[in-house]
1. Which net charge results for the neighbourhood of B:Pro61, defined as the other residues with beta-carbon distances under 11 angstrom from its beta-carbon, given Lys and Arg at +1 and Asp and Glu at -1?
2. Among B:821-833, B:785-797, what's the highest-first ranking by average C-beta atoms within 10 angstrom per residue?
3. Determine the shielding of peptide B:392-403 by partner chains: average, over its residues, the number of Cβ atoms on other chains within 10 angstrom of each Cβ.
4. Report, by chain and number, residues whose modeled amide H sits under 5 Å from the one on A:Ser124, excluding near sequence neighbours (fewer than 5 apart, same chain).
5. What list of ³J(HN,Hα) values in whole Hz, one per residue of region B:797-809 in order, does the Karplus curve 6.51 cos²θ - 1.76 cosθ + 1.60 (θ = phi - 60°) give from phi, with Gly and Pro shown as x?
6. In nm, to one decimal, how far is the modelled label at B:Thr740 from the one at B:Tyr95, with both set 7 Å along Cα→Cβ?
7. B:Lys601 accessible area, nearest 10 Å², 1.4 Å probe?
8. Roughly how many Å² is the accessible area per residue of region A:73-131, as a whole number, for a 1.4 Å probe?
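The values are calculated or read from the model by the stated rules, or taken from the named source; none is laboratory data. Computed from a prediction, not measured in an experiment: that's the story for all the values here. Quick reminder, even Gly has a Cβ in these numbers, built from the backbone with ideal geometry, and neighbours come from all protein chains shown. The protein model used for the area step is the full one, side chains on, heavy atoms only, and it has no ligands, DNA or RNA in it. Shrake-Rupley method; radii C 1.70, N 1.55, O 1.52, S 1.80 Å.
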Amino acid sequence: MLAMDQGVVEEWLSEYKTLPDNAVSNYAASLKDKGALIPALYKVMRENYSDLLEPVCHQLFEFYRSGEPQLQRFTLQFLPELLWSLLSVSAARDPHTSGCIEALLLGIYNLEIVDKDGQSKILSFTVPSLSKPSVYHEPSAIGSIALTEGALANHGLSRVVYSGPHLQRENFTAQNRFEVLTFLLLCYNAALSYMTATSLQSLCQLSSRVCICGYPRQQLRRYKGISTRLTVTSEFLVQLITGIHYALCSGEVDLGSKALDDVLYRAQLELLPEALLVGNAIKSSLHGAALKSNNKEGARSIQVEITPTSSRISRNAVTSLSIRGHRWKRHESQEASVESDAAVGGVAIPDISVTGTSGERLPNGESMRPRLDGRAPPDCDPVGGASEVSLDLRGQEVRRQKSVRRMVENEGSGTASTGRSQY
Amino acid sequence: MTARKSGSRLETEIERCRSESQWDKIPELVRQLSAKLISNDDLGELLLGECKLQTYLKENPIKQGASPRGPRPKLVEVRKHLTAALDRGNLKADYLQEASLLMAKLCYVEGEHRDALGHYSRVILEDMQLGGAPVYRLSMIAEAYATKGLCLEKVPAASPALSNQNTGSPASNRSATDREQDIITCYEKSGDIALLYLQEAEKALSAGIQNRSPKPGPTAQDLELGYFLETGLQRAHVIHFKNGNLTRGVGRFREILRAVENRTTQSLRMTIARQLAEILLRGMCEQSYWSPLEDPPTVSPLDDPTRQGHTISKNYSLSRRARVYSGENLFCPQENTEEALLLLLISESMANRDAVLSRIPEHNNDRIISLQSASVVYDLLTIALGRRGQYEMLSECLERAMKFAFEEFHLWYQLALSLMAAGKSARAVKVLKECIRLKPDDPTIPLLAVKLCIGPLHWLDDGECFANIVIDMGEKAAEFRAKGYLAIGLVYSLKATDASLRSTQEEYQRKALGAFQRAQSLSPTDHLAAFYLALQLAVSRQIPEALGYVRQALQLQGDDVHSLHLLALLLSAQKHYHDALNIIEMALSEYPENFNLLYTKVKLESMCRGPEEALLTCKHMLQIWKSFYNLTNPSDSGRGSSLLDRAIADRRQLNAMTLPDFSDLDTGSVHATSIAASRVEQALSEVASSMQSSAPKHGPMHPWMTLAQIWLHAAEVYTGMSKPAEASACTQEASNLFPTSHNVLYMRGQIAELRGNIEEAKRWYEESLSINPTHVKTMQRLGLILHQLQRYSLSEKVLRDAVQVNSTAHDVWNSLGEVLQAQGNAAAATECFLTALELEASSPILPFTIIPRAL
């Protein structure tokens, strides 16, 4: 470590201590102007046995404890680097060097798991439901798509806990390590937009290393640090993937895609469905999307183009919607109903079985009509769809609500099993 | 047909045709019009010009991105009409404005951007009335703003800006930023008015149809937006994002989405909803989020800091706006995942509706388009729900994707993974089978299936098939080959535990050992291979060899809890109880809340340090249990998906729990003592996993089972201390949770024995066996009692059955020896005693099989 870097860090250490309370927020805003400071702090963390590590960790914790959002984010940006230090040291079974990092991480964790009043924090969110009106939609226009068994069981909005409550922790053990680290990553991810490119790069590196150390792929990546395998949990990997996703879309294309590949590699080897699920989805959704690599800080790669607004699907193709029309509509009328097939799925599309192995080939849309009409018995109309085709939207809504109620009653009166068999 | 229409009637008809873009009817109507009054000639010119221009544009649509250039011969006529209309100056003010706007549009189409701007400068767009205007005029104004924006973008800023004249501000001092702002305002206004127009047009259309109901005319076709309105609706946010101004781009998206949808905007809404969801998931975080009904933050990390001056918020107002969704109790998202989810659910419902079902080749392209737009939505849904751990809901959503999924590997695989993550194991395996068919070369898929078969399902035969798929891949499976052998080894190992015939047991053990050895040699750095090899050797009572491999496993993975546990059990098999206890305590310092370790600790403590210490540990366990499960709030954690799940979950209540068996006290891993018991266990584990992610995953499956086990361990310590009253109290606690568990009944039998009630004990043991006919410990005790009651042959029968079930239970061999001796069969008795002695020398304090075996 150069003397200059050391000087920068020492100045930073002493400056904050002498700061009067009312100057904290100005100080926080001025931190990003100290260009040499952040690289110097990374050097402290990456170096083994630096004398400065302990005071630095202490000060970062003071920053976090101050409650000033900008200071907290300043600390958070080092989280990936600190996690890596902790994990690599614990893999090397050298308990003495990481004491202050452990203390810092546990300190942040213990601060974050409680709210202002010292009660355990429970992080929850509302699962939106199409059956309740929102600022973006009206249930009547959506139709009965949401009327699956599950949707009926949770009719309306439900609040779901996704993290917490968590126990206070005084030290890291093999058992609680990933629980604590997963929660810390959750905090980091909640502030992703404020993280610098360096921090995101560090996150990608952390992800790659955690996943490949000790596995044959380590040679491929030419990483020569520790070579012991680190245990991971699926939840931890999912949090890493969330951060990688953000990094990938913020210009860190190379490091990000490597990291995503490495996490998926590990998730495959360890057969972790959650991480595979989210990782695959990200890979597939970014496939084809041109990610722009950038060297220029700040330029995001989120771009949109003008897209044609007319439907790209030709009018004579048999779709879920049109098949309904064929089944229920005898005259060519202006159908304002946008109800999906879900409610009548069992009736209208028996050809597309879920296993899909013997999907019957339909010759074309026109010849569907007689066949479907011929096959479906007249009394198997569970929703009364024929009467719904109407232009009067209000009347339609009322009727639909009635049919919804009827379905609910059917479900309730023990025909749930028939409902199931449709899917 | 040619009946003259009265003036106002004719005008209404013309207005309707213009609003419904029925240009082919205009010439006839104009003929009727000019026949009426001479002063209508100018209006006629205007209408003919308009209709010819629109017809031209319909036949030669402008492509996005392509800029029209040069005069077209067909348009000469249009210009002639419009010039005629404008020149005479007889038109009413409204029509004059319209003629100018049409002229400007014509200029744009011909590539004369400056001329177009010149025409716009003559009309004050801002002054055109939105309220009370006919529908077609709304469209005209919206198009005019869009066209003006397009022209402003084309004309270099340095030139004398024509646009300034109408706003009246001095031409000087206007920076490029202001100019850009003007352009954006043009587009935003255009978009806002376009939304209003589309709503009004649909209203007029449906009203019109109702008036002339029985006659379905050509009006049935959808309104089409056309190049100018499309540009007006979308260009503003495209510019925002190009400028790196996410805040305003997101704001614009939300404005468009909040307008009540109509048929024409559906497709646009679907695209925009998906794009906004993408931005919310990829470019935002909880801290930088603001809700749709809040004002955006003035400084946001989302905006490009290098570009200043773009944070000016919207600076115009319109006299009339499109209707937005309103009403009481509107759901408004409060965080980015919520909003993304809402948008994606809306997109999903639309994508689902457009699913192309026919599989004929002509519709291939349509099918691919509908599949693509749906799979993007499903991928984003996966990202959003996965982030929040809502796999239950995700699996339901992905199930809806199945109508797209014929031969689509990605959708099948994602469904399988979501089912697995949601704990719906049996269904997951079925879907995984289809995935294997679609992608036979991927070793991960069969391995995932084995994982489920070995774990929650206990479908060992299926597991064997899946594992063999991986092994048959040979070298192709690469790094997964070792995993394949590990998997099949585990299947054999579990089959050995389940087998009731000694010969089958030994056969499976031999096969398991072989498979683990293969796995270990293929992947010498995998601690699991070494560990399971050690475990299998331990089960076969090859203690020194097992010790060697468990040490190897620990070198590879120093803090692996199962390796440490096995090491302790191996040490106890060698009767090094104090060393074993030290290892357990060391392991507990890393895993203080691991109940399996604590059970072993209780056993070792009562052996080495006396029952008081063991009781303290039991108390400690109860404390841990309390802090653990009191904290998590089961009512919040996770949503049972199906009604069936719900029903089971409701029955899960404490007192109503009538499960005949819970995870066997002796076996940590799932042990199918009988098919019936395993089925119940299967159902239970699905329930337990549907309890969801926020509950800690380690430890036995169910918190209540854990609690019952703790009480039973305490009861056992008390019986060891000959304290029947306390033991009985502890058993009662366990019995409250699982009244029909064979372990509870067994413990009651022991207490009865302690009290000297042989008959009562016998009754308890018989009940226990009626629930679990292969519970070796009960069989052994029952055998002993029958022996005491001098019913030797029955006793011998029971004990021989016990030995069949578990040939390594040394105390059973010993009891059997005693019975045979009492019957005077000295030779057979001696053999039994010798076997017992030999087995006892390698017997661990708790069976090795309490260590779970899972992939």
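1. After counting each charged neighbour, the total is -1.
2. Details: B:821-833: 14.5, B:785-797: 16.5.
Going from most to least packed, we get B:785-797, B:821-833.
3. 4
4. Sorted by chain and number, the residues that satisfy this are A:Tyr162.
5. 4, 4, 5, 5, 4, 4, 5, 4, 5, 9, 7, 9, 7
6. 9.0
7. 30
8. Details: 2130 Å² over 59 residues.
Per-residue value: 36 Å².
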